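Colleague: Dropping a structure here in structure tokens format, bear with me for questions.
The values are calculated or read from the model by the stated rules, or taken from the named source; none is laboratory data. Please read all numbers here as calculations on a predicted model, not as lab measurements. Note that we place each Cβ from the backbone using ideal geometry, even for glycine, and neighbour counts take in every protein chain shown.
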Amino acid sequence: MTRIPIPAQIMSAVRCAVLAELGNAAADIEQSSVGCNMENRPEDYGALLEEFDTVRALLDAVGWSDAEGAIDVERHRRPLLSALENWLRNDRYFVADPATSPASREETEREIDGIEGFLSATGLNGGQ
């Protein structure tokens, strides 16, 4: 087990990213439930439920405190990287929007820098 620290400065953003990823996994389950005769194909839910459980386990590891924490990177690498990459994509879009206030843009740019620094420092960037 290899544990990596998540700095307190980005813990809230990491948790928000994981919660958004959990919402996406739940939405995928919900979307699949509207198909015709899904009750006759329970095997189609297996991968969706597994993904939800994987992200939920990551949320459990991240926890609810804004203090520095550590997670098992071997176990949580893929969902953590996916959550943070999606979060960064949304943050960059928000920063590029001309309607974003200067104060919000500055705060979001600090968040982007913190997450990118974390990914670089831990070797998670580049999908390693």
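Colleague: So which residues in the range 56-113 are more than 17 Å from L19 (Cα to Cα), assigned to a helix (DSSP H, G or I) and hydroxyl-bearing (S, T, Y)?
Modeller: The answer is Y93, S104, T108.
Colleague: What number of residues within the range 20-33 are in contact with a helix residue (DSSP H, G or I) (Cβ under 7 Å, 6 or more places away or on another chain) and either of a type in the set (A, V, I, L, M, F, W, C) or not in a helix (DSSP H, G or I) (or both)? Steps first, please.
Modeller: Here is the first cut: in the range 20-33, the residues in contact with a helix residue (DSSP H, G or I) (Cβ under 7 Å, 6 or more places away or on another chain) are 20-22, 25-26, 28-29, 32.
Now drop any that are not either of a type in the set (A, V, I, L, M, F, W, C) or not in a helix (DSSP H, G or I) (or both), which leaves 20, 22, 25-26, 29.
Selection size over the range 20-33: 5.
Colleague: Pick out the one residue from W87, W64 that is at pLDDT 95 or above, exposed (fewer than 12 other Cβ atoms within 10 Å of the Cβ) and of a type in the set (A, V, I, L, M, F, W, C). Lay out the reasoning, then the answer.
Modeller: On the way: W87 fails: exposed (fewer than 12 other Cβ atoms within 10 Å of the Cβ).
Residue meeting the stated conditions: W64.
The rows are residues; the columns are (1) surrounded by fewer than 16 Cβ atoms within 10 Å (Cβ to Cβ); (2) at pLDDT below 95.
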site	(1), (2)
S12	yes, no
R15	no, no
L19	yes, no
L22	no, no
E30	yes, yes
V34	yes, yes
A47	yes, yes
D60	yes, no
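Colleague: Look through the range 90-128, keep the residues that are within 22 Å of V55 (Cβ to Cβ) and polar (S, T, N, Q), and return whichever of them is surrounded by the fewest Cβ atoms within 10 Å (Cβ to Cβ).
Modeller: Top of the filtered list is Q128.
Colleague: If you go through the range 59-79 one residue at a time, how many are within 20 Å of S120 (Cβ to Cβ) and under 13 Å from the mean Cα position of the chain (by Cα)?
Modeller: Result for the range 59-79: 5.
Colleague: All but one of (1) in contact with a strand residue (DSSP E or B) (Cβ under 6 Å, 6 or more places away or on another chain); (2) of a type in the set (A, V, I, L, M); (3) at pLDDT below 95; (4) surrounded by 14 or more Cβ atoms within 10 Å (Cβ to Cβ) hold for I4; which doesn't?
Modeller: Status for I4: all satisfied but (1).
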